[in-house]
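Undergrad: If you scroll down you'll find the structure; I have some questions about it.
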Amino acid sequence: MGIITDNLDLWSSTLLGTLVLFVAGGLLALVLGTLVGAMRVSPIPVARAVGTFYVNTIRNTPLTLVFFAFAFALPPLLGLRLTGDVSLTLAICALGIYTATYVAETIRSGINTVPVGQAEAARALGLTFGQVMTLVVLPQAFRSVIPPMMSVFIALLKNTTVAAGFSVVNLGSIRSYLSERGENQFVAILWVMVVFVVLVLLLSWAQRALENRWKVAR
Amino acid sequence: MSSVLYDVPGPRAIARNRILGVITVLVVLAILGFIVWRLWDTGQFSAEKWDAFTYSNVWLQIALATGRTLAAFAVAAVGALALGFALAIGRLSDHPWLRGPIGAVVEVLRAVPVLVFMFLLYYGLPVLGVRMEPFWAVVIALIAYNGSVLAEVIRAGVESLPRGQSEAGYAIGLRKAAVMRLVLLPQAIRAMMPVIIAQLVVTLKDTALGYIITYQELLFYARYIGSQSTYGSPIVPATIVVGAIYIALCLILSFVANRVERRLRRTAKLGKGVAPADDAMTATRAVAVQAGLDDPEPRR
């Protein structure tokens, strides 16, 4: 336990770094992913094609490569000077853009689980497009989206560690700071693993709770 | 075309969709234009920046780096499949003393980020006096993570089979191992093949994490060639070249996954008429059906 209690400053700052990456990257992924998901189910062929291209390309790109492009190739293109804040912003963008494809696919498949008859019945009743969406389709889609969306966010939490390779402070990079202070790296990494197992267990517990609460009764 | 979201478009909707389509094209063109302008403005299209890629030695090194990426992937994929089967069978065991611990191991391995596991093997183990090549750190971490994920996939495949399958196996006198090997696993693998290949794509993608622990794969070489000032530090061209190789490799594997899935769906449809897969059909119910007590077709 000494390795934690003696270095509380490091543990808290790195845990904060991981949470910032997780929350900011998650928000960006939600916004971008909802947009792309909407494009993928829209009646506009061009928008569908653009959405499909984005999802297929980024899904087949390693996250490390996305980080690599943002950390090394983008700064010279945009003339950025690499400070801590810039690195953090670039890492959040990389995580958000990568995770957005998974969010988009989750939303698309969620909408596809709603039977067409539901919307047709709503339209037959004379509901407007807005009413069909807000009263009939989206509430049902939302319920079936929640469990897979939580899995996407669990993956995002684990992916934040990749930022450690690109000089962004987070739990993945605590090992190098602790070894500079002469701590045992092996024990340090084991503790990082414990933290991640606990965080992931918390998220999966939330996933199960939400799933039970919003189960689709068909 | 009608979907949950919209009806067959009328004249007004068609006009509106056209306008939205034009706006989409304009936004995409604006983004592409911005990227090309930045590339042009910073001189990424100049011959000097691409000079490095005119040497056959550079391409030879890229080929070798691709080979190292594929080597790590190949070993990790085979290992992950083997570990996946072992863990899945362990988790499906009848003995609680085996099922429990293996279940815990699977859960922990799935919850730990692959990169942290690589750190443990590459930076952590030397403290205990075990030195490890980056190659083995990458491969072992990938095997541990993807093996545990595949174990869950295979287990889900076996548990999704109708109970009558194993009951029929036991009824003709097969033992536990034979039921698993001859009846359950072949069907589970067939049903889960697309997911298994998709997980192999993840394995291929995750070999890129090796860059962070100095495994000399494609990204590592891109960083090296991109920092050579004799070639004008071509980090952007190097990223483009290496990125194209990575994406092409993953797309090929994803394409295989799609083909397999489509093929399975086709043959599954043909087989449906022969053997109706009814989850609710158990031995007791089958007897009841034969005795005319129960209707085999569930009424809706």
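Undergrad: To the nearest Å, what is the center-to-center distance of region B:97-138 and region B:13-68, using C-alpha atoms only?
TA: Using only Cα atoms, the two centres lie 38 Å from each other.
Undergrad: Further, regarding this structure: Return the calculated 222 nm mean residue ellipticity for the protein assembly as shown, to the nearest 500 deg cm²/dmol, obtained by summing -39500 (n - 2.57) across DSSP H runs with n ≥ 4 and dividing by the residue count.
TA: Result for the protein assembly as shown, helices only: -23500 deg cm²/dmol.
Undergrad: Please identify, among A:Gly37, A:Gly126, A:Gly172, the residue showing maximal mean-square fluctuation in a Gaussian network model of chain A using a 10 angstrom Cα cutoff.
TA: It is A:Gly126.
Undergrad: May I ask you to evaluate 6.51 cos²θ - 1.76 cosθ + 1.60, the Karplus curve with θ = phi - 60°, for each residue of region B:231-246 and list the ³J(HN,Hα) values in order in whole Hz, giving x for glycine and proline?
TA: Karplus-based 3J(HN,Hα) across region B:231-246 equals 9, x, 6, x, 5, 5, x, 4, 4, 5, 5, 5, x, 4, 5, 4 Hz.
Undergrad: Under a straight-distance cross-link criterion of Cα-Cα below 12 Å, which aspartates and glutamates are reachable from B:Lys176, leaving out those fewer than 8 residues away in the same chain?
TA: Output for B:Lys176: B:Asp94, B:Glu167.
Undergrad: Express in nm, to one decimal, how much length is gained between B:Phe34 and B:Trp136 on full extension, taking 0.36 nm for each residue of separation and deducting their alpha carbon distance.
TA: 32.5 nm is the gain from fully extending B:Phe34 to B:Trp136.
Undergrad: Can you give me the pair-distance distribution of region A:2-213, C-alpha pairs, 10 Å bins, whole percents?
TA: Final binned percentages: 8, 27, 30, 20, 10, 4, 1, 0.
Undergrad: Considering the options B:Leu128, B:Gly164, A:Leu10, tell which one lies farthest towards the positive end of the dipole of the protein assembly as shown, charges being +1 on Lys and Arg and -1 on Asp and Glu at the Cβ, about the Cα centre.
TA: Most positive-ward Cα: B:Gly164.
Undergrad: Just grab the label-to-label distance for A:Thr83 and A:Arg213, each label 7 Å out from Cα along the Cβ direction, in nm (one decimal).
TA: 4.1
Undergrad: Could you work out how far the C-alpha centroid of region A:29-82 sits from that of region B:170-204, in angstrom?
TA: Here the two parts' Cα centres lie 36 Å apart.
Undergrad: Please label the shape of the protein assembly as shown as rounded, prolate or oblate, based on the square roots a ≥ b ≥ c of the eigenvalues of the alpha-carbon gyration tensor (a/c under 1.5 means rounded; beyond that, a/b larger than b/c means prolate, else oblate).
TA: Judged from the Cα gyration tensor, the protein assembly as shown comes out oblate (a/c at least 1.5, b/c at or above a/b).
Undergrad: In the Gaussian network model of chain A, springs joining C-alpha atoms below 10 Å, which of A:Leu201, A:Leu80, A:Leu15 carries the largest mean-square fluctuation?
TA: Maximum among the listed residues: A:Leu80.
Undergrad: Let me ask you something else. For the residues B:Asp51, A:Asp9, B:Asp206, what sequence is obtained by ranking on other C-beta atoms within 10 Å, fewest first?
TA: A:Asp9, B:Asp51, B:Asp206
Undergrad: Which helices of chain A meet both criteria: a Cα extent of 20 Å or more along the helical axis and a mean Kyte-Doolittle score no lower than -0.5, with helices taken as whole DSSP H segments?
TA: Qualifying helices, which must be both long enough and hydrophobic enough, are A:8-40, A:45-59, A:84-112, A:138-159, A:185-213.
Undergrad: For region B:206-246, list log₁₀ I(q)/I(0) at each q in 0.23 Å⁻¹, using the Debye formula over Cα point scatterers of equal strength and ignoring solvent, two decimals each.
TA: Log10 of I(q)/I(0), two decimals: -0.70.
Undergrad: If you keep only loop residues by DSSP, which trypsin sites (Lys or Arg not before Pro) in region B:155-220 have at most 11 other Cβ atoms within 10 Å of their Cβ?
TA: Qualifying residues, ordered by number: B:Arg175.
Undergrad: What angle, in degrees between 0 and 90 and rounded to the nearest 10, separates the Cα long axis of helix B:11-41 from the longest principal axis of the Cα atoms of chain B?
TA: Helix B:11-41 sits roughly 50 degrees off the main axis of chain B.
Undergrad: Given Cβ point charges of +1 (Lys, Arg) and -1 (Asp, Glu) and nothing else, what value in debye, to the nearest 20, does the dipole of the protein assembly as shown about its Cα centre take?
TA: 1420
Undergrad: Looking at the square roots a ≥ b ≥ c of the eigenvalues of the Cα gyration tensor of chain B, which shape do they give, rounded for a/c under 1.5, prolate if a/b is larger than b/c, or oblate?
TA: oblate
Undergrad: Can you tell me the orientation of helix B:56-91 relative to chain B, as the angle in degrees between its alpha-carbon axis and the longest Cα principal axis, to the nearest 10?
TA: Helix B:56-91 and the main axis of chain B meet at about 20 degrees.
Undergrad: Tell me, what does the Kirkwood hydrodynamic radius of region A:17-90 come to in angstroms if you use every pair of distinct C-alpha atoms?
TA: 14.2 Å is the Kirkwood radius here.
Undergrad: Tell me, B:Tyr231, B:Tyr170, B:Tyr145 in order of fewest to most beta-carbon neighbours within 10 Å?
TA: Ranked by crowding around the Cβ, least crowded first: B:Tyr170, B:Tyr231, B:Tyr145.
Computed from the coordinates by the stated procedures, all read-outs in this text should not be read as laboratory data. Predicted, not measured: the structure shown is a model, and the values here were computed from it. Glycine gets a Cβ as well: all are built from the backbone with ideal geometry, and neighbour counts include every protein chain shown.
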